[in-house]
Amino acid sequence: MTELLATLRALVYMTGFVFVWGWLALQVRSIGWGWALPSDSRAVGTVLMIGGGLLVLSCVGWFVVVGRGTPAPFDPPRSFVPGGPYRWVRNPMYLGALLVLVGFGLWHASGSMVLLALPALALAHLFVVLYEEPTLRRRFGQPYVAYLARVNRWVPKPPRPRS
């Protein structure tokens with residue numbers, strides 16, 4: 001029952017996140033700054049949205065099942081989650097969301113929508129550095145500190161064994 005409630009909460013939070021960023025991307029497109037991309041960018045955009053979406057869903061699954069919580073800062077996992085996609089990179093959910101955002105822009109053949117990923121990445125980076133990492137360091141202690149030394153923040157790399 002706990003996993004079901006966490007899953008439902010995570011789906012609500014994710015839906016809100018997608019609607020906000022999708023709406024923002026469409027507003028950027030309607031402003032008209034930027035450039036039009038070739039119409040064949042739609043296929044690449046579709047692949048990026050599917051891949052990014054699957055990555056995000058995988059991360060949410062790990063948070064719900066292993067972490068017993070959701071991705072939302074106000075409803076976080078109760079246990080540290082260093083497995084699954086988090087073995088490869090510390091912030092796979094943000095990377096998946098950025099892939100979806102870039103893919104959405106490519107699908108709409110909108111350079112301005114693709115460029116929206118840059119401020120989104122900057123905001124994610126600031127959030128991670130200023131809030132998320134210090135909070136997780138306090139909350140999970142030495143296991144998290146060891147994880148920081150083992151796994152990159154943004155650039156995925158094959159997992160190293162724990163020392």
| query | What percentage of all Cα-Cα pairs in the chain are separated by more than 23 Å? | reply | 42 percent
| Roughly how many Å² is the accessible area per residue of region 91-163, as a whole number, for a 1.4 Å probe? | 53 Å²
| message | Rounded to the nearest percent, how much of the accessible area of the chain (1.4 Å probe, protein heavy atoms only) is carbon and sulfur? | response | 73 percent
| Where in region 110-151 does the label zone of Trp35 land, with the point 7 angstrom along Cα→C-beta and an amide N cut-off under 12 Å? | 111-112
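Relative to the present Cα-Cα distance, how much length would full extension add between Leu57 and Leu26 at 0.36 nm per residue of separation?
8.9 nm
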| note | For the pair Leu126 and Val65, the simple spin-label estimate (label points 7 Å beyond Cα toward Cβ) gives in nm 3.6 nm
| task | With label points built 7 Å along Cα→Cβ from the Cα atoms of Trp88 and Leu11, find their separation and express it in nm. | result | 2.6 nm
| field | Cβ crowding within 10 Å averaged over residues, with 112-122, 95-105, 147-157 ranked highest first | value | 95-105, 112-122, 147-157
| request: Taking the chain as the reference, fit the longest principal axis to its C-alpha atoms, fit the long axis of helix 117-127 to the helix C-alpha atoms, and give the angle between the two in degrees, 0 to 90, nearest 10. | output: 20 degrees
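The values are calculated or read from the model by the stated rules, or taken from the named source; none is laboratory data. Being a predicted model, the structure only gives us computed values, none of them experimental. Positions of Cβ are backbone-derived with ideal geometry, glycine not excepted, and every protein chain shown enters the neighbour counts. Remember, those area values only see protein heavy atoms, side chains included, never the ligands or the DNA or RNA. Shrake-Rupley method; radii C 1.70, N 1.55, O 1.52, S 1.80 Å.
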